[in-house]
Amino acid sequence: MVESNQSGRFWPNLYEPLRGLGTKLSEFLSPASEASSDDNVYRISIELPGVSEDDIDLRVTNDSLVVSGEKTESREDKGETWYFSERHYGAFRRSFRLPPDADSESAEAHARDGVLEITVPRKDTAAKRGIKIDVKSK
């Protein structure tokens, strides 16, 4: 019979290995990203190490930019007296709400070194800033 531990140390130690599992799973299913903008363009960078460009699906739906795909990564090492194999599989998805001035039809995406770079130009940035009209004498 397991006796109750009044100090509460038995149960936390039992579950300690599982504490970070939810965070690790959500990080895997929702890759890290950065978003920024300037007067002309919105930029989004998403970390997708080990993901092929062919496995990335990038769409604009209902004013949201949606990045999804599947990560399939495997590693195999062999030695004279040993063998090691490791595989990671899973789907991922991130979505970003686009502002009303985003020109999603002109968006571009480039993947390099495990990072997906997305640029979405802003519509009519000159019109938003206004156009200066020179006043001339008659």
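Annotations
- Members of segment 81-135 that are surrounded by 14 or more Cβ atoms within 10 Å (Cβ to Cβ), part of a strand (DSSP E or B) and among the hydrophobic types (A, V, I, L, M, F, W, C): Phe92, Phe96, Ala102, Ala109, Ala111, Val115, Leu116, Ile118, Val120
- Test: residue in segment 24-41 that is in a loop (DSSP other than H, G, I, E, B), under 14 Å from the mean Cα position of the chain (by Cα) and at pLDDT below 85: yes
- Arg93 being within 14 Å of the chain's Cα centre (by Cα) and without any contact (Cβ under 8 Å) to a residue 24 or more places away in the chain: no
- Just one of (1) loosely packed, with under 12 Cβ neighbours inside 10 Å; (2) closer than 30 Å to Gly130 by Cβ fails for Asn62. It is (2).
- Residues that are part of a strand (DSSP E or B) and either of a type in the set (Lys, Arg) or touching a residue at least 60 places away in the same chain (Cβ under 8 Å) (or both), drawn from segment 51-78: Ile56, Leu58, Arg59, Lys71, Arg75, Lys78
The values are calculated or read from the model by the stated rules, or taken from the named source; none is laboratory data. Bear in mind the structure is a predicted one, so any value in this text is a computation, not a measurement. Heads up, the Cβs are rebuilt from the backbone with ideal geometry, glycines too, and the neighbour counts pull from every protein chain shown.
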